[in-house]
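What follows is calculated from the coordinates using simple rules that are stated; it is not laboratory data. What you see is a predicted model; the values in this text were computed from it and never measured. Neighbour counts run over all protein chains shown; Cβ positions are idealised from the backbone, glycine included.
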Amino acid sequence: MKLRVVFAGTPDFSVPCLEACRASGAEVVAVYTQPDRPAGRGRKLTPSPVKQAALDAGIPVEQPESLKSAEARDALAAYAPDLMVVVAYGLILPRKVLAIPRLGCWNVHASLLPRWRGAAPIQRAILAGDAESGVDLMQMEAGLDTGPVLLERRTPISRDDTGGTLHDRLAALGAKVLADGLSRVMAGETLVPQPQPEQGVSYAHKLDKAEARLDFTRPAIELERQVRAFDPWPVAEGEIGGETLRVWAARAIEGNGAPGSVLGMSRDGIDIACGDGALRVTALQRAGGKRITAADYLNAMKTRGA
């Protein structure tokens with residue numbers, strides 16, 4: 001069975017899923033993505049990664065500010081989609097839009113639902129110290145990530161995972177679970193939706209730059225997770241030795257002292273006392289500088305002090 005698919009997505013995370021739709025044999029008749037936004041130092045209007053991928057593939061692109069108007073719904077209906085696939089699109093789909101495709105709308109979500117519904121599931125999972133994450137292929141309904149789950153793939157979260165590494169792994173996993181779902185449906189199989197459990201619901205609120213500030217009165221292991229979760233954005237920062245620095249990599253270790261005080265400096269890192277244990281900072285960035293190792297930072301300090 002050939003499927004006419006409308007794909008809706010915006011950031012880098014969505015691109016592998018768009019490629020999976022194209023590779024599946026489905027006909028991607030249109031791509032919906034957020035309007036171009038100002039980006040970079042020049043604040044030049046920049047297309048989303050999904051728009052760029054669609055243009056490269058010669059797929060028609062739609063960029064409505066909203067899907068609430070009758071005109072927007074009519075434009076979508078004109079593509080006569082069998083299915084709409086939504087991956088980090090960034091716009092709410094009203095009930096009337098969800099009803100347009102013959103098979104409804106699927107969503108690829110980067111968490112093990114019902115845990116971490118919402119905007120920032122990848123970073124919230126790391127911040128919370130979750131042992132695993134994954135992607136769910138979900139049949140969309142009007143609630144926020146409340147729909148029944150069609151397929152799921154899981155992956156462990158290691159202590160070396162950052163927001164960036166987990167993002168990339170889940171983006172690839174999302175493409176695999178979507179490809180699996182598409183191939184099954186096109187082979188004539190009916191996917192059985194599994195309602196989400198009522199227990200274990202949590203919300204992954206959007207990241208705020210204010211959350212990046214390191215509070216050394218907190219346990220070191222929590223700060224380590226904060227550093228990992230906020231790499232590559234918004235990047236953790238804290239006051240170290242009287243200077244506000246961005247902290248790119250750090251590890252919780254044993255140590256005691258007044259929270260925020262520097263316990264030691266070596267090529268291995270800068271050890272800072274926390275409310276419980278200590279945080280060894282191994283990669284950092286000065287204002288206006290670039291990311292460097294703690295060893296390079298200490299060498300620069302010696303040079304400046306000479």
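Per-residue Cβ neighbour counts within 10 Å put TYR79, TYR297, TYR32 in the sequence TYR79, TYR297, TYR32, beginning with the fewest. What the Cα atoms of segment 11-157 give is an Rg and a Dmax of 15.9, 46 Å. Spin-label model, ARG267 to GLU19: label points 7 Å out along the Cα-to-beta-carbon direction sit 3.9 nm apart.
State, as an integer percentage, the relative contact order of the chain based on alpha-carbon contacts under 8 Å between residues 6 or more apart.
It rounds to 13 percent for the chain.
3J(HN,Hα) along segment 159-168, derived from phi through the Karplus expression 6.51 cos²θ - 1.76 cosθ + 1.60 where θ = phi - 60°, amounts to 6, 9, 5, 10, x, x, 5, 5, 4, 5 Hz, with x in place of Gly and Pro. Classify segment 158-245 from the C-alpha gyration tensor, please: rounded if a/c falls under 1.5, else prolate or oblate depending on whether a/b exceeds b/c. Prolate is the answer for segment 158-245, as a/c is 1.5 or above and a/b outweighs b/c. The packing ranking, built from the mean of other Cβ atoms within 10 Å per residue, places the peptides 50-56, 197-203, 23-29 in the order 50-56, 23-29, 197-203, highest first. If R0 is taken as 22 Å, the Cβ-Cβ distance between THR46 and GLU211 corresponds to a FRET efficiency of 0.30.
Working note: Cα atoms of segment 40-79, range along each principal axis, descending, whole Å: 37, 23, 9.
The overall shape of segment 123-204 is oblate: from the C-alpha gyration tensor, with semi-axes ordered a ≥ b ≥ c, the ratio a/c is 1.5 or greater and a/b is no larger than b/c. The residue among GLN34, THR162, PRO114 whose Cα reaches farthest toward the positive pole of the charge dipole of the chain, with charges on the beta-carbon of Lys, Arg, Asp and Glu, is GLN34. Taking a Cβ cut-off of under 15 Å around PRO60, the surrounding Lys, Arg, Asp and Glu residues balance to a net charge of 0, with basic ones at +1 and acidic ones at -1. With only the Cα atoms considered, the chain has a convex hull volume of 144 Å³ per residue.
The ranking of MET140, MET265, MET301, MET1 from fewest to most other beta carbons within 10 Å of each one's beta carbon is MET1, MET301, MET265, MET140.
If a spin label sat at a point 7 angstrom from the Cα of ALA295 along the line to its beta carbon, the backbone N atoms of segment 258-272 nearer than 12 Å would be those of 266-269. Per-residue ellipticity at 222 nm, computed for the chain from helices alone with -39500 (n - 2.57) per DSSP H run of at least four residues, works out to -8000 deg cm²/dmol. Which shape class applies to segment 218-306: rounded if a/c is under 1.5, otherwise prolate when a/b exceeds b/c and oblate if not, where a ≥ b ≥ c are the square roots of the Cα gyration tensor eigenvalues? Judged from the Cα gyration tensor, segment 218-306 comes out oblate (a/c at least 1.5, b/c at or above a/b). Put in line by how crowded their Cβ is, counting other Cβ atoms within 10 Å and starting with the fewest, LYS302, LYS96 read LYS302, LYS96.
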